[in-house]
Amino acid sequence: MLYFDYAATSLRKPDGVAKAVADAILSMGNGARGTHAASLASSRMIYETREMLARLFGAKEACQIAFTMNSTMALNIAIKGMIQPGDHVITTAMEHNSVLRPLYELEKQGAVLTILPCDALGRISYKEMEESFRENTKAVVCTHVSNVTGNVNDIRRIGQMCREHQAYFILDASQSAGTFPIHMQEDQVDVICFTGHKGLLGPQGTGGLCVKKGVAIRPLLSGGSGIHSFSKEQPEQMPTRLEAGTLNAHGIAGLHASLQYLQEYGIDRIREEEQKLASYFYEQLRKEESITFYGDLDNPVHGAIVTFNIGDYDSAQVSDELAQRFSICTRPGAHCAPLMHETFGTERQGAVRFSFSHFHTMEEVRTAVEAIHTLIHE
Amino acid sequence: MRKKELSCIFSFETTTQAMAMENACKKKQIPGRIIPLPKEISAGCGLAWWAPAKEKERILAFMASEQLVYEQCDEILF
């Protein structure tokens, strides 16, 4: 099997991730729920993981990291915990439903949305974003890297705009954490929402928020915290504020292992290797007249995603043929990003997405190219 | 049961603060260990840092220098 769906989840994990999860299942108690050896082993590992994530995202302290199940949960916590009826929010047509649906819910409750459109290459206009700020703009919520096109937003520029207009910047880093540098201070991001199982190469069921000091978020959930048990309210201090209930310590142990790998291997190296593979794939196919590509693929700053259609074939058929005949795993359809597909006019056809990992070899990419050539020319 | 001794107990607002304390103390060989929060200090649950009472001033100075946060510091028999 050749797996090219890393934008959905990382299939191959660094050595040590699975073992870390297995070891944790066999040895770790409930972190933050006691002081015996099994519980402390969990608490210590969770704390170290917070420290590693804080370093990765340029945060000052471990307490700025709150764990969730995934990016969707993190985005829901940030969006619903920071935006209220009457607030104005700027977002983009590049967004995943994990951003759009919470915002649509808030729109029904009285929040006002500006959704920045994209051009034919799936890019937003920063000038248009600048002009969209209003006196009551509470936040910009947007993705770093599109999960459809791989286009990259200039988060430092967006962060600067947010500071100038005194608005929060909530970043969806689902497709960029672990691959592109994100620095909370330098990029002026208030909340970074991330998942553990994509670029961070950890297990599914892990993710979280990195929250700038002083940014208050109303908790989405309340419940057990391991402290202040007789208080009727969820504790105010981070990260307990946003972490009601038992954490997925077993999954976080795997994330701990994958973060160690990322530290040693280096995310710049990973990004360069992935981009090289994606560029080769694109260059080998770009001259095929029957292929329509989506996104700003000639931009050197680009995620390792190449999305396209062959003629007017249903993307589901193309993806299915790749799977059935060549054992190549890709993702067809709308990728949970409806506005991106409306931009390209691919609501009915969808599109076939290849997403790459530094674990791929050039030979594997060549095999994929040959398979697509076969489909086109047979 | 062992005989109680005069102890210095630091309580915290979050487990993360307690873990930061343990982490920093281990690195600098500051005496003490994590214990369950004694009920004499608070009825709620949670983690606390225990150390002999004679170490209190040294630990307070260390915590200040490391910018370690605590909720409360008490001397009790534990």
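The values are calculated or read from the model by the stated rules, or taken from the named source; none is laboratory data. Keep in mind that what you see is a predicted model, and the values were worked out from it rather than measured. Virtual Cβ from ideal backbone geometry, glycine too; neighbours counted across all protein chains shown. Surface areas here come from the heavy atoms of the whole protein model, side chains and all, with no ligands, DNA or RNA. Shrake-Rupley method; radii C 1.70, N 1.55, O 1.52, S 1.80 Å.
For the reader, a short list of remarks on this structure follows.
- Lys pairs, chain A - Cα-Cα below 22 angstrom, 8 or more residues apart or on other chains: 16
- Exposure rank, largest accessible area first [A:265, A:313; 1.4 Å]: A:313, A:265
- From phi via Karplus (6.51, -1.76, 1.60), per-residue ³J(HN,Hα) for the range A:75-84 in Hz, x at Gly/Pro: 5, 4, 4, 5, 5, 6, x, 10, 10, 10
- The relative contact order of chain A comes to 23 percent, based on Cα pairs under 8 Å that sit 6 or more residues apart.
- For residue A:212, solvent-accessible area (1.4 Å; no DNA, RNA or ligand), Å²: 70
- Most fluctuating residue given options A:49, A:72, A:35, as computed from a GNM of chain A linking Cα atoms under 10 Å: A:35
- Rounded to the nearest 20 debye, dipole of the range A:17-265 from Cβ charges on Lys, Arg, Asp, Glu: 460
- Residue A:92 long-range amide H proximity, modeled H, under 5 Å: A:116
- Summing +1 for each Lys or Arg and -1 for each Asp or Glu among the other residues whose beta-carbon sits under 15 angstrom from that of residue A:224 gives +1.
- Peptide B:16-25, shielding by other chains (average Cβ, 10 Å cutoff): 6
- Prolate/oblate/rounded label for chain B (Cα gyration tensor, a/c 1.5): oblate
- Which of A:58, A:42, A:340, positive extreme of dipole for chain A (C-beta unit charges): A:42
- Amide hydrogen proximity for residue A:329: with H placed 1.01 Å from N in the peptide plane, the residues at 5 or more positions away or on another chain lying under 5 Å are A:2, A:3, A:4.
- Trypsin sites (Lys or Arg not before Pro) within the range A:25-131: DSSP coil, no more than 15 neighbouring Cβ in 10 Å: A:60
- Dividing the summed -39500 (n - 2.57) terms of all DSSP H runs of n ≥ 4 by the residue count of the protein assembly as shown sets its mean residue ellipticity at 222 nm at -11500 deg cm²/dmol.
- Cα shape, the range A:267-377, gyration tensor, a/c 1.5 rule: oblate
- Between residue B:75 and residue A:324, the C-beta separation translates, for a Förster distance of 51 Å, into a calculated FRET efficiency of about 0.10.
- Ranking A:359, B:10 from most to least accessible surface, computed with a 1.4 Å probe over the protein chains only, gives A:359, B:10.
- Shape category assigned to chain A from the gyration tensor of Cα positions, a/c cut at 1.5: oblate
- Heavy atoms of residue A:228: accessible area, 1.4 Å probe, square angstrom to 10: 60
- Charges were assigned to the Cβ only: +1 to each Lys and Arg, -1 to each Asp and Glu. The resulting dipole of the range A:317-378 about its Cα centre is roughly 120 debye.
- Residue-wise HN-Hα couplings along the range A:346-362, as the Karplus relation 6.51 cos²θ - 1.76 cosθ + 1.60 with θ = phi - 60° gives them from phi, are 10, 4, 8, 7, x, 7, 9, 10, 9, 10, 10, 10, 5, 6, 5, 9, 4 Hz; Gly and Pro carry x.
- When you restrict to C-alpha pairs under 8 Å that are six or more residues apart and normalise by the size of chain B, the relative contact order lands at 50 percent.
- Annotation: for a label point projected 7 angstrom from Cα along Cα→Cβ of residue A:105, residues of the range A:53-81 with backbone N closer than 13 Å are A:72-81.
- Loop-located trypsin sites (Lys or Arg not before Pro) in the range A:282-378 (DSSP state other than H, G, I, E, B) with a sparse environment of at most 11 neighbouring Cβ atoms within 10 Å: A:287, A:348.
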